[in-house]
Amino acid sequence: MSDKFDYATREENYSKWYNDLVVKADLAENSAVRGCMVIKPYGYAIWEKMQQTLDTMFKDTGHVNAYFPLFIPKSFFSKEAAHVEGFAKECAVVTHYRLRNAEGGGIEVDPDAKLEEELIVRPTSETIIWNTYRGWVQSYRDLPILVNQWCNVVRWEMRTRLFLRTAEFLWQEGHTAHATSQEAVFEAEQMLDVYADFAENFLAIPVLKGIKTANERFAGALETYCIEAMMQDGKALQAGTSHFLGQNFAKAFDVKFTGKDGKQDYVWATSWGVSTRLMGALIMTHSDDKGLVLPPKLAPFQVVIVPIYKTDEEADRISEFAKRLTAEFKQAGISVKFDNRDTHKPGFKFAEHEYRGVPVRIAVGPRDLDNGTVEVARRDTLTKEVVAQGELVSTIKGLLEEIQSNLYNRALKHREDNTCKVDTWDEFTAKLEEGGFIYAHWDGTPETEQKIKELTKATIRCIPIGNAKEDGKCILTGNPSTQRVVFARAY
RNA sequence: CGGGGUGUAGCGCAGCCCGGUUAACGCGCCUGCUUUGGGAGCAGGAGAUCGCAGGUUCGAAUCCUGCCACCCCGACCA
C-alpha cells in the first residue's frame, strides 16, 4: 500500500505490507486477547463466501454437518500417542469452573472450583469425535460416516499473524469413518481434489497437490495429503490438508464394526480441513501495493457503483439510474453495491473500494447521463474504460469472468517463473534466497530432511501427486534418490 | 522460554539524556461555509489519570526501584 499514506509496499517490506493491508482493507484486526484476532464484517463476508462454496462442495460429495464440543477431556488426548505429542505444546487448558470476589476488589479463580479432570480447548477434534463414533458404529451398515464440522479451534502459538497464524482460528474439519482402507484413502484423496478445485476455481490460487513426508505429517496420520500454494514473495503456504488416519484413532478409542463376513475390525478414518488461513493465501496471492485484490467469485460484492454529482437534482437522476442498473445486475447474477453515501466524496470512495479489492467499479456522473455511458474500472489491472449503458450487463459479466481467470493465470505464471530444478547443494542454497519452489533430489530419510531444514530453513513442501520417477543423487548426502521433491521456505 | 525493544489523545509519534507549572505535531473525529470525474480547502472545536505501584524532590512524562503489557528476532506451528 503506497500513495500518500504511510503504508509499506511489497518491495519495501512484504510482511508489513501484509499486516497493513489486512487492517486497511478492513478484514481483521488484533484484539485485546493476545494472538486472537477480530474478523471484521468485510473480512468475515469473504470467509462466509468461502464457507458457502465449500459447504456446497462437501454436501455434493455426500457429507453432512454436525457439531462436537469445544472442550475435550484431558484423558482423551493421551489415547493416541503421536497425536498428543503433536499438540501437547500448544494446548489451552481449562482447570476451574468458577470465579469469586477477591479480597481488595476484582475477581479471582476460586481454588475450590477445580475440575476433577482438566478440559482441553480443542486444537482439533479427532479425539472427541472418535470417542463419539464408538457409540455410532456397530455394523458395516453404520458406515461410512461422512461428517464435517465448522468451528473454531485454539492452538497456543508463540508468534501469531493475522489470518496466517492465530491462537484461535475458524475452520472446518471433516471426520469420516469407513469399512475399508481403500475407501478411506479414496475419501482423503477425493477431499484433496475438492480443496484443489476450490482453491483454483474460486480463490484463483494455483496449488500443488502432493503428499507430506513423515516429518511433516499430521500427528496421528499414516498419510497427509496437502495443497501447497506459492505466495508473491516466493514462500510456500500450506492451504489445506487431508489425512488418511488408518485405524489409529479407531484403535485408540476402540471403534469396531462387524463386517458382512461376521468378523470384527477397526474402522478406517480420514480427517481434512481448511481454515481462515485461506484468507492469508488469498491476500498474498493476488493483492498489490494499492491494497486487496479479490477474485470476483469471492468478493462480497463484485461491482460498486459510485455516483458523481454536484446538485441534488443530479444525485436524484443518478440514483434512479443506479437503482435500475442494480436490478439488472441482480437479474444477471452479479452482486452489486450502490455506494450512495453522501458523507464521502467520489475520490475517497474510489480509493476505498480499491484497497478493499472490489473487482469492478462503475462511476456515473452527469456527463455519463448525457452521453449514455458509464466509466468502468477493473481492480486487477487498474485500467478504466468508457462503456455504453446499453451493453453494460453483458460487458460486466464478461469482465468478471476475465478478471477471475486473469488472476488465476497471473498467479500460475508467477509460480512457474519461480519454480526450478537444482542438482547441487550450492545451487540449492542460492535458489532458496530467491524464493520459490525448488525441485531437488532427496535421499528419502527424515534425518536428511531435518538437516536441510536446520541448515536452510527450507522444508519439503510435498511430494507431488503423479510425480515423475527419476534417478538422481540427494543434494545434501549424495545418496541415491528416485524422485525430486519440492523444497521451499514456508509460512 | 532465550535475546532485543517499546509503553504519552482513536491511530502514528515529539518531549525524557540535562526535572520547572498551557505536554508539541500529523492523521482521524465534531461544527460551519465553500467543494464533489482519484484520498477536498478554510475557520473554529473536542479529545491525555504521560502503562501501573512505590520512592527521591519545593516540583516528576522526565531521575530511582518494582511490577504489568505489548512488539520484534529465535525454537514450535495450519
Segment A:303-398, relative contact order in percent, only Cα pairs under 8 angstrom and at least six apart counted
31
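Based on the alpha-carbon gyration tensor of segment A:428-486 and its eigenvalue square roots a ≥ b ≥ c, which shape applies: rounded if a/c is under 1.5, prolate if not and a/b is larger than b/c, or oblate? Let's see the in-between values first.
Details: a/c = 1.64, a/b = 1.23, b/c = 1.33.
Here segment A:428-486 falls in the oblate category.
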Amide H contacts of A:G240 (H built 1.01 Å from N, under 5 Å, at least 5 apart or other chain)
A:I227
Full extension from A:Y67 to A:K89: what is 0.36 nm times the residue separation minus their Cα-Cα distance, to one decimal in nm?
5.4 nm
Defining a contact as two alpha carbons under 8 Å apart and six or more residues distant in sequence, what relative contact order in percent does chain A show?
14
Roughly what angle does helix A:446-456 make with the longest principal axis of chain A, taking Cα atoms, 0 to 90 degrees, to the nearest 10?
40
Relative to chain A, whose Cα atoms define the longest principal axis, helix A:181-201 and its Cα axis are tilted in degrees, nearest 10, by 20
Sequence gap at least 6, Cα distance under 8 Å: using those rules, report the relative contact order of segment A:268-336 to the nearest whole percent.
25
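Quick check on chain A: helices-only [θ] at 222 nm, where DSSP H runs of length 4 and up contribute -39,500 (n - 2.57) each and the sum goes over total residues. Nearest 500, please. Mind dumping the intermediate values first?
On the way: 14 runs with 172 residues, N = 491.
Result for chain A: -11000 deg cm²/dmol, rounded to the nearest 500.
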Enumerate the calculated ³J(HN,Hα) couplings along segment A:125-142 in order (Karplus 6.51 cos²θ - 1.76 cosθ + 1.60, θ = phi - 60°), each rounded to whole Hz, writing x wherever the residue is Gly or Pro.
10, 3, 5, 5, 6, 6, 5, 6, 4, 3, x, 8, 10, 10, 10, 4, 5, 7
A:K397 to A:K453: FRET efficiency via 1/(1 + (r/R0)^6), r the Cβ-Cβ distance, R0 41 Å, to the nearest 0.05?
0.30
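What's the magnitude of the charge dipole for chain A around its Cα centre, counting Lys and Arg as +1 and Asp and Glu as -1 at the beta-carbon? Answer in Debye, nearest 20.
On the way: 61 positive and 71 negative charges, 54 e Å.
The dipole of chain A has a size of about 260 debye.
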Heavy-atom accessible area per residue - segment A:211-345, 1.4 Å, Å²:
38
Degrees between helix A:346-355 axis and first principal axis of chain A (Cα, 0 to 90, nearest 10)
20
For chain A, give the percent of accessible area contributed by carbon and sulfur heavy atoms, probe 1.4 Å, rounded to a whole number.
50
Ordering of A:153-166, A:51-64, A:207-220 by burial proxy (mean other Cβ atoms within 10 Å per residue, highest first):
A:207-220, A:153-166, A:51-64
A:R461's amide H: which non-local residues (gap 5+, or another chain) put their own amide H closer than 5 Å, with H modeled 1.01 Å from N in plane and none for Pro or chain starts?
A:V486, A:F487, A:A488
Rounded, prolate or oblate: which fits segment A:121-222 when a ≥ b ≥ c are the square roots of the eigenvalues of the alpha-carbon gyration tensor, with rounded for a/c under 1.5 and prolate only if a/b beats b/c?
oblate
Between A:Q483 and residues 5 or more places away or on another chain, which pairs have amide H atoms under 5 Å apart, with H built 1.01 Å from N, and which residues are they?
A:W442, A:E470
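The values are calculated or read from the model by the stated rules, or taken from the named source; none is laboratory data. This is a predicted model, so every value here is computed, not measured. Reconstructed Cβ throughout: ideal geometry from the backbone, glycine too, with neighbour counts over all protein chains shown. In case anyone asks, the SASA skips ligands and DNA or RNA and just uses the protein heavy atoms, side chains included. Shrake-Rupley method; radii C 1.70, N 1.55, O 1.52, S 1.80 Å.
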